[in-house]
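The values are calculated or read from the model by the stated rules, or taken from the named source; none is laboratory data. This one's a predicted model, so the numbers in the text were calculated from it and none came from an experiment. Cβ sites come from the backbone with ideal geometry, for glycine too, and all protein chains shown count toward neighbours. Heads up: the accessible areas ignore ligands, DNA and RNA and are worked out on the full protein's heavy atoms, side chains in. Shrake-Rupley method; radii C 1.70, N 1.55, O 1.52, S 1.80 Å.
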Amino acid sequence: MSGILDGKRILITGVLMESSIAFHTAKLAQEQGAEIILTAFPRPTLTERIAKRLPKPTKVIELDVSNDEHLAGLEEQVREELGGLDGVVHSIGFAPQDALGGNFLNTPFESVATAMHISAFSLKSLTMACLPLMSEEGGSVVGLTFDAQFAWPQYDWMGPAKAALEATSRYMARDLGKQNIRCNLISAGPLGSMAAKSIPGFSELASVWDDRAPLEWNLADPEPAGRGVVALLSDWFPKTTGEIIHVDGGLHAIGA
Ligand SMILES: NC(=O)c1ccc[n+]([C@@H]2O[C@H](COP(=O)([O-])OP(=O)(O)OC[C@H]3O[C@@H](n4cnc5c(N)ncnc54)[C@H](O)[C@@H]3O)[C@@H](O)[C@H]2O)c1
């Protein structure tokens, strides 16, 4: 059976638990014919354990996106395993506790800087680390955001970090278009992953979806977001770049 990622080689970051958007992306990517490689943070053993639940075995590489040595070592390890890359998935987000949960006005810059580094700047550093692996045919870079057009309850400095991620993605689309590399984001609705659980009061934020989303939204189902990522990795969005596609049950379109 043919899949929409047949013959594609994809690097996927962010597989931590079965609830990770990246786990569902990895599963769907393999089902759609891709060869994948995973990166792991904080420990490869955690990701290796979860990766056993994927349809096919996959290599796991340690990668802290704020570690320049890890980034520099990525090319060789990926080349050895896959020969090159046709796609990269950035499914990474982090903010220190004092940058979340209603402390917006008192968060120190140090914590804001960490949130920006790990959640936004890393889209650029990860992509640049992978760039030598992409051929003249180009490729697709896909990241995950949480709609940064609005101020949300509790989300605090992750909001400006996501706004920075969204802008970074547009600038990367600008600068990598000549190499036929597309850069797009999926803007997902709330999902009960580890990243979400670390936001104090996350359920308050998520309850907005019960009241307002046109399509029923299931907090426990990351598959729709994963499907969006796989679609953007495929050849079915060949002229789309610098775009943000909402996989949020339609909430972004509703005023009140
Ligand atoms: N869960 C939601 O409600 C939601 C909604 C919209 C967007 N997102 C975004 O989706 C992406 C994936 O999050 P998730 O919900 O699957 O949660 P998750 O906790 O499963 O994934 C977050 C990932 O970030 C990785 N990470 C953190 N610091 C890192 C570092 N220094 N280096 C490398 N990796 C690092 C973690 O290892 C983890 O795998 C994030 O960008 C998140 O902001 C999540």
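Considering only protein heavy atoms and a 1.4 Å probe, what is the carbon-and-sulfur percentage of the accessible area of the stretch 48-130?
In the stretch 48-130, the share of accessible area belonging to carbon and sulfur is 51 percent.
Evaluate the Kirkwood expression for the hydrodynamic radius of the stretch 124-256, namely the inverse of the mean inverse distance over all pairs of different C-alpha atoms, and round to one decimal in Å.
One over the average 1/r among Cα pairs gives 15.8 Å for the stretch 124-256.
How much mean residue ellipticity at 222 nm does the chain get from its helices, if each DSSP H run of length 4 or more adds -39500 (n - 2.57) and you divide by all residues, to the nearest 500 deg cm²/dmol?
Roughly -11000 deg cm²/dmol at 222 nm, from the helical runs in the chain.
For the chain, report the accessible area per residue in Å² (1.4 Å probe, heavy atoms, rounded to an integer).
Per residue, the chain has 48 Å² of solvent-accessible surface.
Per 0.36 nm of contour for each residue apart, how much would the distance between D64 and Q149 grow if the chain were fully extended, relative to their Cα-Cα spacing?
Stretched fully, the D64-Q149 segment lengthens by 27.8 nm.
Would you kindly calculate the translational diffusion coefficient of the chain, applying Stokes-Einstein with the Kirkwood radius from alpha carbon pairs, for 25 °C and a viscosity of 0.890 mPa s, and quote it in µm² s⁻¹ without decimals?
Rounded, D is 134 µm²/s.
Calculate, in nm to one decimal, what R170 and R53 gain on full extension: separation in residues at 0.36 nm each, minus their alpha carbon distance. Display every interim value, and only then the final one.
Values: separation 117, 0.36 × 117 = 42.12 nm, distance 3.42 nm.
Full-extension gain reported as 38.7 nm.
Which number do you get for Rg(Cα) / (2.2 N^0.38 Å) in the stretch 47-181?
Working: Rg = 16.5 Å, N = 135, 2.2 N^0.38 = 14.2 Å.
Rounded to two decimals, the normalised Rg is 1.16.
Which FRET efficiency value, to the nearest 0.05, do you get for Q77 and L105 by plugging their Cβ-Cβ distance into 1/(1 + (r/R0)^6) with R0 = 41 Å?
After rounding to 0.05, the efficiency reads 0.45.
Rg (Å, one decimal) plus Dmax (Å, integer) for the alpha carbons of the stretch 41-126?
15.7, 48
Can you flag which of K8/K56; K27/K178; K59/K197; K59/K178; K27/K59 are past 19 Å Cα-Cα?
K27/K178; K59/K197; K59/K178
For L85, what residues show an amide H to amide H distance below 5 Å, using hydrogens built from the backbone and excluding near sequence neighbours?
Correct list: M134, S135.
Could you tell me what percent of the accessible area of the stretch 131-198 is made up of carbon and sulfur, with a 1.4 Å probe and every protein chain present? Walk me through the numbers before you get to the answer.
Values: 1540 of 2830 Å².
Solvent-exposed carbon and sulfur of the stretch 131-198 make up 54 percent of the total.
When the dipole is taken about the Cα centre of the stretch 60-192, and only Lys, Arg (+1) and Asp, Glu (-1) are charged at their Cβ, what size is it in debye, to the nearest 20?
That gives a dipole near 600 debye.
Based on Cβ point charges of +1 for Lys and Arg and -1 for Asp and Glu, what charge dipole magnitude is obtained for the chain about its Cα centre, in debye rounded to the nearest 20? Kindly include the intermediate steps, with their values, before the conclusion.
On the way: 20 positive and 31 negative charges, 49 e Å.
It works out to roughly 240 debye.
State, as an integer percentage, the relative contact order of the stretch 9-253 based on alpha-carbon contacts under 8 Å between residues 6 or more apart.
For the stretch 9-253, the relative contact order is 21 percent.
Relative contact order for the stretch 1-95: what percent, with Cα pairs under 8 Å and sequence separation of 6 or more?
Working: 163 pairs, mean separation 31.7, N = 95.
Relative contact order for the stretch 1-95 comes out at 33 percent.
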